[in-house]
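What follows is a short report on a single structure.
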Amino acid sequence: MVALTGAETRDYSRFVIARELRRDTLMATPLLDDLKSLLGVDSVLHRPEELLLYEYDGSVETARPTCVVFPRNTQDVVKIVKLANRYNVPIVGRGAGTGLSGGALARRGGIVIGFSKMNRILNVDIENQQATVQPGVVNSDLSAAVAHAGLHFAPDPSSQRACTIGGNVAENSGGPHTLAYGVTANHVLSLEMVLPTGELVRIGNAALDSPGYDLPGLFVGSEGTLALVTEITVKLTPLPESVRTLLAIFETLDDATETVVDITSGGITPAACEMLDGWTLRAVEAYVHAGFPLDCAAVLLLEVDGTCELAGESAEAVAEICRAHHAREVRVAKDAQERDLLWKGRKNAFGAVGRLSPTYYVQDGVIPRTKLPATLRKIDEIGKKYGFQIGNIFHAGDGNLHPLILFDARDAEQFRRVLAASDEIIQFCIDMGGSITGEHGVGMEKDRLMPMMFTDAELEVMSRIRDAFNPGGLLNPEKIFPSKKGCGEIRSRPLTANGVARA
Amino acid sequence: MTFPTRMTVIVGSEYVRSDPAILADYAVDGCIPVEVAMPSSAAQVAEIVRHAASEQLPVIATGARTKTGIGNVPRGYHYAVDTSRMNRVVAYDPGDLTLSVEPGVTLAKLAEVLAEHKQFLPLAVAFTDKATIGGTIASGVDSPLRHFYGTARDFLLGAEFVTGDGVLAKSGGRVVKNVTGYDMHKLMIGSLGTLGIITRLNFKTFPLPTGVRNWEVQFASLDGALSFRNRITTSHLAPLTVEIMNSEAAGFAGGHQTSGVGGARWTVACGFAGSREVTARYETELNRLAGECAAVARVVADGDDPQKGLVRSRCDYVDSALKANPSATIVKAGVLPSQLAMAIRAAEDAAAKNRLRLAVNARSVGVIYFVFLAGEERGAARSAVLRACAELQGACGALGGQATIPWCPAEWKSGLKVWGPERSDLSEMKKLKNAFDPSGILSPGRFVGDI
């Protein structure tokens, strides 16, 4: 087991089922009555069988809420929050539940606020290239709604056909095309939000450079610990005139990673630069039939865009670098259909892997891109050391890794070793000058790893910010910040539906 | 011989200044500090702030002191923390396009270091000659290049800073993608040192574009200029800069001598880059679009560095305006791009009504720098400018935007709302201020809402 900076004793408290918080689900409490009279009986779920789905998100964590409610508008949210304050129960916001770090799980029980009924696009302003949406709007629905005007919402997590923009804001979601277009924070102009105290506030402005602190910069990515977002004004981005999608096929992993290093340092910023290793590729091909080669060590899925002239030039420059690193073949998608098929392979990869193993654990470490070759070699070594198959499918252009460790969670000993292997990968990322999460968030999955990145004094400054907005700690408790050590009951992870995860 | 002060113990007596002549150089809106300390490390900054906090003495961090005029007059000013000795490039990984620097590094030095690897930071900001990177971030000044590259919040990856109670803290990291913890570094941008004193900044760097070309297209009317602007933004072209200025502004911005040709009053300046083939496409398209909008003249200039040439002269716009007329009052407005015309007309009305000259430099994204220029007589000028500012701020507010006054004579500030009307999210900002600087010693009073 590796020594973790600031986490010498492994803390398994997060796996403890907090039984004392479960009991209240059995009670027909006055809180439930109040919620039902506020929202209607159909908008309050509280029976165990109704809550089952809401115990999960896309991560390996689980936590059962006391109830799940579905507000229709901002005023409902304000009233729910005020009720939660009166009864002193936790509140957790939830979009589509596709998150990968337990951000939308009710770790301390309480009210989960599901935003699925607040799913209207409130305003589209084509002229100024922006839109205002409710938090429950599905990411790809917004892009579809503005495509007629040649615009789109740029952040494109792999779960974009399910995940909500509210969830994207909470997690500061990325996606394959954030390499060139930026993550969610780069596209949010203004937020309407309900503070945990029940106050309704609006921060930022649709017009640029509103004076004062960059509050949207802070609240986007705060993982639902500072406020519940009820309205979001985002920038819309023009669709490029031309897009070229390339698939470069390599015989060795090193050739592929060194290609990425050279593309980056050569000053070319592709719109996307994704890597799939040979093992993952075979899993994906068996599922998606995208025409991926079955006998190579790795492929790079590269996309360049811009004017026809620029996209053509960039495609040639990228292909040249691939060939200089012994790419066996560089295929260029002939049309939109071929392009979509290649992307389908990429975006459904987690689902494909889910067919092969009862469980997998996804990491989300980040490294400087120059360290890519060394890091992938290290991951391979770690897999061999612990005896796990590790697949790699990730945002190579950002240095954002997603090693998928395959294991059987019903075996507690395997679960323990998976965490050890995963920690060793994360420790290596940090040693390389990287980070513990590039886009999935800290949530309840990585809170215990925070001391690897931040000193106690730094965590204390961050907790002052949380306490300034979330003074009672009612909103999304026990997330981001390392929680106290528990007694160490290991739960064996129940099986989940495969392929719900996003990259 | 003076008594050794706490500052001399912390940074060494050779790095403490208390000579009145030198102190005057550190004046902020006429307020003069008691002592200047020149720390060499983040640890020293933390020690200075801890001492200041324990004694409740206000601290203002300074870089090259080119933008200390931004903001309200400080409520107090005891220590100036001059960061110019903290001027190391701590790490630069050209292959990864990431950079970590201390706040006192000048933009000029940075440009030099990055140019060796054909890279740059897209911060073609006012006072580029002297400014430090710390001051550039703390003041939040923007750049014409934001049209393509965005602003500092889009490429600042992380920061280290000292809070008002002397805690050395950091957020973000040195990788291009990272969601670990709260993004406190974004709060350092434009907050005038009211939340923390910056001791380190990490950036994503960019390849220096090659084949840069700049266009200036002249129009007889604002409508013509804006219609050209609209056609560019709805085209597939992705220029580096697009700015609209009137002839008064073109004078400050080193505009070409075609100003005035054929009755031209408005100029759209537009920069783009790329290979011969890529820029040829730009030329063809821009020519066509300009023709559709009844342009009266066109000028093209080449240059490989976006921070030189025409972009450079436009980022000197503020400096030139202030140099030409020390009582020049600069209003920075933010409106939706579709409201550019209304905001500019409101400024023209305010100028005409109050008999002021007006320079207009509008970034296509909806950020406009207006300069009100008065005649000789300063007393009469004051009241005219104050009225014009209030009228323009009111008009921008009515459009749903906002207007601040980053530069004006310090003695006029008592009659102005330099940050505009009180904001509805002020209480959220005050919560943050209190979390970062509980005793309120960092740049007190200078920020929005007297924070």
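The values are calculated or read from the model by the stated rules, or taken from the named source; none is laboratory data. Since this is a predicted model, take the numbers as computed values, not measurements. Using ideal geometry, Cβ is built from the backbone for each residue, glycine included, and neighbour counts are taken over all protein chains shown.
Laid out as a table, the results:
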{"quantity": "Some residue of the stretch B:121-131 being surrounded by fewer than 24 Cβ atoms within 10 Å (Cβ to Cβ), in contact with a Ser or Thr (Cβ under 8 Å, 6 or more places away or on another chain) and at positive phi", "calculated": "yes"}
{"quantity": "A:GLU316 vs. criteria more than 29 Å from A:GLY58 (Cβ to Cβ) and either free of Cβ contacts under 8 Å to residues at least 40 places away in the same chain or among the β-branched types (Val, Ile, Thr) (or both)", "calculated": "yes"}
{"quantity": "Subset of the stretch A:177-215 (residues that are closer than 22 Å to A:PRO471 by Cβ and more than 9 Å from chain B (Cβ to nearest Cβ))", "calculated": "A:LEU191, A:GLU192, A:MET193, A:VAL194, A:PRO196, A:THR197, A:GLY198, A:LEU200"}
{"quantity": "Filtered residue count, the stretch B:310-348, keeping only those that are modelled with pLDDT under 95 and out of contact with any Leu (no Cβ under 6 Å at 6 or more places or on another chain)", "calculated": "17"}
{"quantity": "Hey, B:LYS109 under 30 Å from B:GLY274 (Cα atoms) and modelled with pLDDT of 95 or more or not", "calculated": "yes"}
{"quantity": "Filtered residue count, the stretch A:284-329, keeping only those that are at positive phi and surrounded by fewer than 16 Cβ atoms within 10 Å (Cβ to Cβ)", "calculated": "3"}
{"quantity": "Residue match in the stretch A:242-259 (condition: crowded, with 21+ Cβ neighbours inside 10 Å, at the interface with chain B (Cβ under 10 Å from one of its Cβ atoms) and in a strand (DSSP E or B))", "calculated": "no"}
{"quantity": "Filtered residues of the stretch B:328-343 (kept if touching a Cys at 6+ places or on another chain (Cβ under 7 Å) and within 7 Å of chain A (Cβ to nearest Cβ))", "calculated": "B:VAL335"}
{"quantity": "Listing of helices (runs of 4 or more DSSP H) fully contained in the stretch A:75-193 that carry 2 or more residues being closer than 30 Å to A:PRO65 by Cα and within 16 Å of the chain's Cα centre (by Cα)", "calculated": "A:139-146, A:165-171"}
{"quantity": "Set B:VAL175, B:VAL242: member being in contact (Cβ under 8 Å) with a residue 60 or more places away in the chain, at the interface with chain A (Cβ under 7 Å from one of its Cβ atoms) and either surrounded by fewer than 21 Cβ atoms within 10 Å (Cβ to Cβ) or over 30 Å from B:PRO438 (Cβ atoms) (or both)", "calculated": "B:VAL175"}
{"quantity": "Breaking point among (1) on the phi < 0 side of the Ramachandran plot; (2) away from chain A (no Cβ under 14 Å); (3) more than 19 Å from the chain's Cα centre (by Cα), for B:VAL360", "calculated": "(3)"}
{"quantity": "Residue match in the stretch A:378-398 (condition: of a type in the set (Val, Ile, Thr), within 14 Å of chain B (Cβ to nearest Cβ), closer than 21 Å to A:LEU253 by Cα and in a helix (DSSP H, G or I))", "calculated": "no"}
{"quantity": "Subset of the stretch A:117-147 [surrounded by fewer than 21 Cβ atoms within 10 Å (Cβ to Cβ) and either modelled with pLDDT under 95 or within 13 Å of A:THR74 (Cα to Cα) (or both)]", "calculated": "A:LYS117, A:ASN119, A:ARG120, A:LEU122"}
{"quantity": "Selection from the stretch B:422-440 of residues that are at pLDDT 95 or above and more than 10 Å from chain A (Cβ to nearest Cβ)", "calculated": "B:ASP437, B:SER439, B:GLY440"}
{"quantity": "From the options A:ASP431, A:ASP408, A:ASP423, A:ASP380, residue that is without any contact (Cβ under 8 Å) to a residue 24 or more places away in the chain and of a type in the set (D, E, K, R)", "calculated": "A:ASP431"}
{"quantity": "From A:LEU459, A:LEU406, residue being surrounded by fewer than 24 Cβ atoms within 10 Å (Cβ to Cβ) and not in a helix (DSSP H, G or I)", "calculated": "A:LEU406"}
{"quantity": "In the stretch B:45-88, the residues that are in a strand (DSSP E or B) and either of a type in the set (Gly, Ala, Ser) or modelled with pLDDT under 95 (or both)", "calculated": "B:ALA61, B:ALA80"}
{"quantity": "Members of the stretch B:178-199 that are in contact with a Lys or Arg (Cβ under 7 Å, 6 or more places away or on another chain) and more than 9 Å from chain A (Cβ to nearest Cβ)", "calculated": "B:LEU192"}
{"quantity": "Criterion violated by A:THR178 - all others in (1) buried (at least 24 other Cβ atoms within 10 Å of the Cβ); (2) within 17 Å of A:VAL234 (Cα to Cα); (3) at pLDDT 95 or above satisfied", "calculated": "(3)"}
{"quantity": "Test: B:LYS204 is within 12 Å of chain A (Cβ to nearest Cβ) and of a type outside the set (Val, Ile, Thr)", "calculated": "yes"}
